[in-house]
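Every number here is computed from the coordinates shown, using simple stated rules; none is lab data. Note that the structure is predicted; figures quoted are calculated from it, not measured. Because the Cβ atoms are built from the backbone with ideal geometry, glycine has one as well, and the counts that use them run over all protein chains shown.
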């Protein structure tokens, strides 16, 4: 199964980009259960980032930091990201937020930087 062609993938992306973190987590987690390696690692990373954002919204800074770190690790080590994925649109805001949570940021970036899932349009 190609998880990136699955309708749940598009639904999860839409929810994620609308900052509906819990709902995006549910959809991506359901997809993750049906996904095999090597794509499974990438999907799990997105699940963890979505849950990190839920924790952040609830004031659980420690939980958010842990899941941001784990999610970033899975996303950056994945050998099978979706085609045309623009990684920086997701990774940069997550790294910045993690640094802030760890007290290591110089806060030169806008505080409202939100992670998004962006893909180049097929030609």
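Structure notes:
- The fewest-to-most ranking of 14, 37, 29 by surrounding Cβ atoms within 10 Å reads 37, 14, 29.
- Linear extension gain, residue 104 paired with residue 79, 0.36 nm per residue minus alpha-carbon span: 6.1 nm
- Cα-based helix-to-principal-axis angle, 39-57 vs the chain, degrees rounded to 10: 40
- To the nearest ten degrees, helix 7-17 and the longest principal axis of the Cα atoms of the chain are 20 degrees apart.
- When both region 73-106 and region 3-27 are represented by their alpha-carbon centers, they are found 17 Å apart.
- Region 65-108: C-alpha gyration tensor shape, a/c 1.5 cut-off, then a/b vs b/c: oblate
- Note on 119, 28, 9: ascending count of other Cβ atoms within 10 Å places them as 119, 9, 28, the fewest first.
- Crossing angle, helix 21-33 versus the chain [Cα axis fit, 0-90 degrees, rounded to tens]: 40
- Gaussian network model of the chain, springs between alpha carbon atoms under 10 Å - residue of 81, 38, 93 with greatest fluctuation: 38
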